[in-house]
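Enquirer: The structure that follows is given in the form of structure tokens.
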């Protein structure tokens, strides 16, 4: 996508022309997106792939209603953790047997933290960003409180120069590949190298990178990874997350959520636990089959997609939004919170404004769906699979109008409630 | 249901007459059940309530597709753990705020074990049946391996006289209210009294009692309970389980799966974990909304049902099956594995036969769906919401024919594969 760099921002017609040249334009048709809505929350909950409706109806009406209990095998419900895991592994630069789709992200963080610590006898610190997504921090708390006798504790700081905390005592580093507040992309490969240099292991939380930017777990050389399927992977509300373990660690770790699904031979009903092979040792309980079918539909959309090309479009969209906002909105008190360099963000554009909450509400009233995070952050999830250049142009223009007219001052936009 | 006790077993016409008098006969219409199938695996996976299809379609096409991220609030996804929990609490003799619908059973066992141990400083044993459902044992292993420094260990034995293991050192007793192999109902109230007498806490696993027999968590006076929704509660494959904590313990325990969903104020994104009130402190991560909607449909079927009356029908069905099998099948080497006294079983009829596997396969070929458990157990889930007396008669008659003709000897019924 080439665009003449002038002092004037692109016009709406320019944006329409960019859509005409967009090699991913046809992907939008694979999603249900209501006319007139500009959806900029795909970083929180991805929109619905159309194919999910038929797939889940089939799961209910055929597999459950008619197949009944036999569908655990015949419809593949029981092995969905692995089947979906292998498909997702392909998208994330990993191999078969290394990744399982299962459980919420927090539970996967808990399991991989324990797994990493079990491989690091004598080392007592977990290093993480103090500004991490809260679940990551809460789960570290859960682990450290339980392992207080081992003196396991958290060392955290803002992500800048976090590698200064890595030392001979670091058992494991838990890093967010992308900062959920700003969309900033971390150099996970470089950080992993530094962690490995002192013998620490790395867990990469890819919740805000999987499906948004190219992720290559093998090349990044991380030891474990966890992630979410309902953001950029569009798999439906609360669809199961996933956990990855590098093949070099298979069979070498322990984690305490030793449920029957992760047993080496679950249908033997043995009284003693024996962990399954590879990533199966990270499984615990029975998974919600109907929600898991959503992951299958979510992954269908990515079939045949080159993530580098998709991210290139994402950066173009993100640049367009940044250009327009700089020209139109900075004079009204909007400040950039995301990195200015588009190569350092995952597409997401985060802004700050002291009246961020009311501005987000005013935009929602105009059918521009972004979100707000305390204390003053406006987040726009810029996602290249289904957003058009003209959507971005229109969204920025709505923001300009909301600021110019000061319609965000309206009382109805200033009643605070539980925010999603 | 009265039936003359004669030496002759009831005829098929008798069974049809029993169906005519059955006050629950109309409930069968609320389920999808294919003609000609006799489904005796509701103890493993309940059949599909018809209403689930429309509910899940609405969740996809309206709440997800159109409501998008706002549905976490507007469609109630975020609080579904509590809303469904309060509804289920009513069915199980508990109050609002005491029960949450969330996570797989194994994970709930893990959380409640830690919660109970956190309230019992100095006590070091977990008592459970050595013949418990494997997930219970595996999770105890997970906890004891983690708490080895506290010398926490399992003491287990067959369920008979398990109370002999309760002593001043018992931190927590994990009991299955119903034995999954035999359907035997334990005197959970009596056992809890004995456990409390020595200061031990009780976790009741109600996977095979919730929805099958009257459960009254308050009267039973258990401290915690965990259970499953996809067996007798018919909520769909892998639908979320649940966890209960008695109100006297609210705010007094700790569990280590401290995910953001259980935080006292999840949308404040605080860096430090503060547990939510009541049973919310047992929550961890985001739940699979689409699968959770299945729990809503499953509970609809129980609205207005008197569990004592429903269990009375369950016992009648179970007695009918036992009578017929005694008359027809014991001469062919079938042995009772369930308790003979119908008041001591949850409806389930378990039998043993050295060729149990092949017999179950031969029955499946006749559209009688039971299941097999190693080494020689044939299980029939007798569930009063949707089974007719005539179904039970026909099932017993099929078993008689399979035994009399010895058709189970057919090679195709003797190829062992993964069993569900």
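No value in this document is a laboratory result; all are computed from the given coordinates. Since the model is a prediction, treat every value here as computed from it, not as a measurement. Cβ atoms come from the backbone with ideal geometry, glycine included; neighbour counts cover every protein chain shown.
Enquirer: Shortest first and in nm to one decimal, what separations exist between residue B:252 and its copies in the other chains, measuring from label points 7 Å along the Cα-to-beta-carbon line?
Expert: 4.6
Enquirer: If we hang a label 7 Å off Cα along the beta carbon direction at residue A:367, how far is it from the matching labels on the other copies, in nm, shortest first?
Expert: The answer, with the shortest distance listed first, is 5.1 nm.
Enquirer: With an 8 Å cut-off on Cα pairs and a minimum separation of 6 or more residues, tell me the relative contact order of the stretch A:78-302 in percent.
Expert: On the way: 461 pairs, mean separation 54.0, N = 225.
Over the stretch A:78-302, the number comes to 24 percent.
Enquirer: Report, to the nearest 10°, how far helix A:307-328 tilts away from the longest principal axis of the Cα atoms in chain A, using its own Cα long axis and a range of 0 to 90°.
Expert: The helix A:307-328 is inclined about 40 degrees to chain A.
Enquirer: Taking 8 Å as the Cα distance limit and 6 or more residues as the minimum spacing, I'd like the relative contact order of chain B as a percentage. Provide the component values of the computation, followed by the final result.
Expert: On the way: 806 pairs, mean separation 89.0, N = 420.
Normalised by residue count, the contact order of chain B is 21 percent.
Enquirer: Same structure again: Taking the Cα atoms of the stretch B:121-216, what is the range of coordinates along each of the three principal axes, in descending order and whole Å?
Expert: That works out to 40, 27, 21 Å along the principal axes.
Enquirer: Can you give me the angle between helix B:188-197 and the longest principal axis of chain B, using Cα atoms only, in degrees from 0 to 90, rounded to the nearest 10?
Expert: That helix lies at roughly 40 degrees to the long axis.
Enquirer: Over the Cα atoms of the stretch B:83-149, what Rg and Dmax result, in angstrom?
Expert: 14.0, 40
Enquirer: Calculate how many DSSP beta bridges within the protein assembly as shown are antiparallel, expressed in % of all such bridges and rounded to the nearest 5. Before the final figure, lay out the partial values.
Expert: Values: 42 of 82 bridges.
Bridges in the protein assembly as shown that DSSP calls antiparallel: roughly 50 percent.
Enquirer: From the Cα gyration tensor of the stretch A:1-152, with a ≥ b ≥ c the square roots of its eigenvalues, which class applies: rounded if a/c is under 1.5, or else prolate if a/b is larger than b/c, or else oblate?
Expert: Values: a/c = 2.61, a/b = 1.28, b/c = 2.03.
It comes out oblate by the Cα gyration axes.
Enquirer: One quarter of the convex hull surface, Cα atoms only: what value does that give for the stretch A:78-302 in nm²?
Expert: Working: hull surface 45.3 nm².
It is 11.3 nm².
Enquirer: Shifting gears a bit: Please give the direction-averaged projected area of the C-alpha convex hull for the stretch A:289-380, in square nanometres with one decimal. Intermediate values should be presented prior to the final figure.
Expert: Numbers: hull surface 31.6 nm².
If I average the Cα hull's projected area over directions, I get 7.9 nm².
Enquirer: Now, a different point. Quote the relative contact order of the stretch B:261-420 in percent (integer), defining contacts as alpha-carbon pairs under 8 Å separated by 6+ residues. Intermediate results must be reported in sequence, preceding the final value.
Expert: Numbers: 174 pairs, mean separation 32.7, N = 160.
Worked out over the stretch B:261-420, it gives 20 percent.
Enquirer: List, largest first, the extents of the alpha carbons of the stretch B:217-268 along their principal axes, each in whole Å.
Expert: Here the Cα extents, ordered largest to smallest, are 36, 30, 16 Å.
Enquirer: Suppose we keep just the DSSP beta bridges with both residues in chain B; what percent of those would be antiparallel, to 5?
Expert: On the way: 21 of 41 bridges.
The answer is about 50 percent antiparallel.
Enquirer: Something else about it: Quick one: helix A:289-302 against the long Cα principal axis of chain A, what's the angle to the nearest 10°, folded into 0 to 90?
Expert: 60
Enquirer: Expressed in whole Å with the largest first, what are the equivalent ellipsoid semi-axes of chain A derived from the C-alpha gyration tensor as the square root of 5 times each eigenvalue? Can you show the working numbers first?
Expert: Values: eigenvalues 280, 143, 73 Å².
Calculated on Cα positions only, the semi-axes equal 37, 27, 19 Å.
Enquirer: Calculate the FRET efficiency for residue B:335 and residue B:79 from the Cβ-Cβ distance with a Förster distance of 56 Å, rounded to the nearest 0.05. Kindly include the intermediate steps, with their values, before the conclusion.
Expert: Numbers: r = 49 Å, r/R0 = 0.88.
Efficiency, rounded to the nearest 0.05: 0.70.
Enquirer: Just to confirm my numbers, what's the Cα centroid distance between the stretch B:1-65 and the stretch A:120-145 in Å?
Expert: The two parts, judged by their Cα centres, are 49 Å apart.
Enquirer: With a ≥ b ≥ c the root eigenvalues of the C-alpha gyration tensor of the stretch A:186-314, is it rounded (a/c under 1.5), prolate (a/b larger than b/c) or oblate? Present the calculation step by step, with values, prior to reporting the outcome.
Expert: Values: a/c = 2.64, a/b = 1.22, b/c = 2.17.
Oblate shape, in that a/c is at least 1.5 and b/c is the bigger or equal ratio.
Enquirer: R0 = 35 Å: FRET efficiency of residue A:364 with residue B:219, Cβ-based, nearest 0.05?
Expert: Values: r = 48 Å, r/R0 = 1.38.
It comes out at approximately 0.15.
Enquirer: Which shape class, rounded, prolate or oblate, goes with the stretch A:48-127 when its Cα gyration tensor gives a ≥ b ≥ c as root eigenvalues, a/c under 1.5 marks rounded, and past that a/b bigger than b/c marks prolate? Could you put the intermediate results ahead of the total?
Expert: Values: a/c = 2.76, a/b = 2.33, b/c = 1.18.
Taking the square roots of the gyration eigenvalues as a ≥ b ≥ c, the stretch A:48-127 is prolate.
Enquirer: A further question follows. Over all pairs of distinct alpha carbons, what does the Kirkwood formula give as the hydrodynamic radius of the stretch B:330-420, in Å?
Expert: Result for the stretch B:330-420, one decimal place: 13.5 Å.
Enquirer: Can I ask one more? Rounded to the nearest 5, what % of DSSP beta bridges with both residues in the stretch A:196-343 are antiparallel? Working shown, then result.
Expert: Details: 5 of 9 bridges.
Bridges in the stretch A:196-343 are about 55 percent antiparallel.
Enquirer: Moving on. Would you kindly work out, in nm and rounded to one decimal, the distances from the label point of residue A:333 to those of the same position in each other copy, ordered shortest first, with label points 7 Å along Cα-to-Cβ?
Expert: Result for residue A:333, in nm, nearest copy first: 8.6.
Enquirer: To continue, here is another question. What are the principal axis extents of the Cα atoms in the stretch A:1-63, in Å, biggest first?
Expert: 58, 22, 19 Å, listed from the longest principal axis down.
Enquirer: List A:71, A:51 from most exposed to least, where exposure is judged by having the fewest other Cβ atoms within 10 Å.
Expert: Details: A:71 21, A:51 15.
Exposure proxy ranking, most exposed first: A:51, A:71.
Enquirer: I would also like to ask the following. Could you give log10 I(q)/I(0) at q = 0.15, 0.26, 0.27 Å⁻¹ for the stretch A:164-204, computed by the Debye formula over C-alpha point scatterers of equal weight, without solvent?
Expert: Cα-only, vacuum Debye calculation for the stretch A:164-204: -0.34, -0.84, -0.88.
Enquirer: Please state, rounded to one decimal and in Å, the Kirkwood hydrodynamic radius that the protein assembly as shown gives when every pair of distinct Cα atoms enters the mean of 1/r.
Expert: On the way: mean 1/r = 0.0356 Å⁻¹.
Answer for the protein assembly as shown: a Kirkwood hydrodynamic radius of 28.1 Å.
Enquirer: Ranked by Cβ crowding within 10 angstrom, fewest neighbours first, how are B:321, B:119, A:139, B:60 ordered?
Expert: Values: B:321 27, B:119 15, A:139 31, B:60 21.
Least crowded to most crowded, the residues run B:119, B:60, B:321, A:139.
Enquirer: Continuing with the same structure: Order these by the 10 Å Cβ neighbour count, fewest first: A:380, B:32. Walk me through the intermediate numbers first.
Expert: Working: A:380 31, B:32 18.
The order, fewest Cβ neighbours first, is B:32, A:380.
Enquirer: Which of B:163, B:57, B:220 moves the most in a Gaussian network model of chain B with Cα springs under 10 Å?
Expert: Of B:163, B:57, B:220, the Gaussian network model singles out B:57 as fluctuating most.
Enquirer: How many percent of Cα pairs in the stretch A:162-258 exceed 15 Å? Before the final figure, lay out each step's value.
Expert: Numbers: 2906 of 4656 pairs.
Summing the P(r) tail past 15 Å for the stretch A:162-258 gives 62 percent.
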